[in-house]
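Right, one structure below, let's go through it.
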Amino acid sequence: MSDTPAFTEPLEARRLLVVGPSEVFLTDGQLEFGDSMTVPEVRAFLQDQGSYFRVPRLDVDGSTFDLAQVVVDAGLQYDINPQVLLTTLQKEHSGITRTTRPTESQMAFLMGSGTPSTARLQFFDAAERKRAYLTELDTTGFTRSGWQVGVAKQTQDNIFVAPANRATAGQFTYTPFAGVQWGGSLSQVGGVWLFANWWEQFGFNDRAGPEATLGFNVDGADGPILTVEFDERVVGLSAGDMQLFTTTGGFLGFSPGIELGSDGKTATFDIPDFLPPGTYIAQLPARAVTDGALNVFETSTTLTFDLLPGDANQDRRVDLVDFGIFRSNFGETGLFSDGDFNYDGQITLADFGILRGNFGVNLGSSSVSLFADDEV
């Protein structure tokens, strides 16, 4: 064995192996994103790749298995990203891009993990191993084969690697070869480089954090609401993350209530009922949430909105137009925009009292944001 690395690739390739988390090919958050994909999403991915496993297939024991379901189930059971399992399948036996059935021996050792058994059990065994490596690192500081974060160790193809994070240490425990493309001494071995290459080729290496769009709706069931729609599922969102300001910069505190959408992409915030008529600014600050892979929401997002009881058509004034809307719906059930200004579901004289109390109020023709760049 050589005492020094025999890198043949440029520095950029080496840096994937030996420096900080910002440059590793797989982050800890990505590895432990156990619910990154649904069964339909995995199935669509396999279909797009033209994979032999895009439809249910016979396993070596004669049972039929759906690879998409198995990958998702294994990922959820051990909180290991299904994308990591799919990329491992490709690294081991080109299982994603191949269009023909692997041999029976390959099927029984489909993930190169543990004792050959069945294809479907290989995924659970692989996920269990990847989880076990993380547990070992967290409890003892090193994996079963001695890999540690930030400590150089020689691979079986004679490359010294100092893993930058737990995910990298786990990869070299599972596959103790760097790969010829990263300077490895075994010409036919792709090693961990092969995983990193396919991880990127499949587009799984996204490091972008979630983005958000704020909205305002006067027709909430119990009062006006602020809405947030993210472009992907997020974690860590709470009522206190929505901040409210006056247009002159006064901080009003937090929203008292939040309802999270079942899809993990939407949320509804109640607006405090103590706010008087006026123009306000809602802000979801940077770093309030992350996606499932722990990529951070990087840029704060703001929205200017008006609170004006009686303003049914939301033109920032209470006038005869609003009275006409109220009158045409009087005695009916309805929403704020129909004339239900006290949110009791009915359009009655109580609502007329609110309209009358604010009649003639005009908030002006434009709203001004304190956060012109929408950034903090």
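The values are calculated or read from the model by the stated rules, or taken from the named source; none is laboratory data. It should be emphasised that the depicted structure is a prediction, and the values quoted were computed from it without experimental measurement. Positions of Cβ are generated from backbone atoms using ideal geometry, with glycine treated the same way; all protein chains shown enter the neighbour counts. Please note that ligands, DNA and RNA were not included when accessible areas were found on the heavy atoms of the full protein model with its side chains. Shrake-Rupley method; radii C 1.70, N 1.55, O 1.52, S 1.80 Å.
Restricted to the stretch 241-299, and to residues there that are in a strand (DSSP E or B) and among the charged types (D, E, K, R), the residue that is farthest from LEU76 (Cα to Cα) is ASP270.
Return yes when PHE305 is open to solvent by less than 50 Å² (accessible area, probe 1.4 Å), touching a strand residue (DSSP E or B) at 6+ places or on another chain (Cβ under 6 Å), outside any loop (DSSP other than H, G, I, E, B) and of a type in the set (Phe, Trp, Tyr) and no when it is not. Here the answer is yes, as PHE305 does meet what is asked. Evaluated against (1) modelled with pLDDT of 95 or more; (2) out of contact with any strand residue (DSSP E or B) (no Cβ under 6 Å at 6 or more places or on another chain), ARG120 falls short on exactly one condition, (2). With respect to the conditions (1) surrounded by fewer than 17 Cβ atoms within 10 Å (Cβ to Cβ); (2) closer than 29 Å to ILE281 by Cβ; (3) under 38 Å from the mean Cα position of the chain (by Cα), ASP338 falls short on a single one, namely (1). In the stretch 199-218, the residue that is farthest from the chain's Cα centre (by Cα) out of those that are within 17 Å of LEU303 (Cα to Cα) and in contact (Cβ under 8 Å) with a residue 40 or more places away in the chain is VAL218. Applying a threshold of 6 Å to beta carbon distances and a minimum spacing of six or more residues, or different chains, the list of pairs starting in the stretch 234-246 at a residue that is in contact (Cβ under 8 Å) with a residue 40 or more places away in the chain and ending at one that is of a type in the set (Gly, Ala, Ser) and open to solvent by less than 30 Å² (accessible area, probe 1.4 Å) reads LEU237/ALA267; ASP241/ALA288; MET242/SER255.
Select from the stretch 341-353 the residues that are part of a helix (DSSP H, G or I), among the hydrophobic types (A, V, I, L, M, F, W, C) and buried (at least 19 other Cβ atoms within 10 Å of the Cβ) and list them in ascending order. Of everything in the stretch 341-353, nothing turns out to be part of a helix (DSSP H, G or I), among the hydrophobic types (A, V, I, L, M, F, W, C) and buried (at least 19 other Cβ atoms within 10 Å of the Cβ).
Scanning the stretch 57-104 for residues that are over 23 Å from LYS130 (Cβ atoms) and either loosely packed, with under 15 Cβ neighbours inside 10 Å or small (Gly, Ala, Ser) (or both) gives LEU58, ASP61, GLY62, SER63, THR64, THR99, THR100, ARG101, THR103, GLU104.
Which count do you get for residues in the stretch 135-177 that are of a type in the set (S, T, N, Q) and either touching a His at 6+ places or on another chain (Cβ under 7 Å) or on the phi > 0 side of the Ramachandran plot (or both)?
1
Among the candidates ARG316, ARG327, ARG356, the residue that is of a type in the set (Lys, Arg), over 30 Å from LEU237 (Cα atoms) and open to solvent by less than 60 Å² (accessible area, probe 1.4 Å) is uniquely ARG316.
Looking across the stretch 251-292, the residues that are buried (at least 16 other Cβ atoms within 10 Å of the Cβ), under 26 Å from MET37 (Cα atoms) and either more than 25 Å from the chain's Cα centre (by Cα) or touching a residue at least 60 places away in the same chain (Cβ under 8 Å) (or both) come down to VAL289, THR290, ASP291, GLY292.
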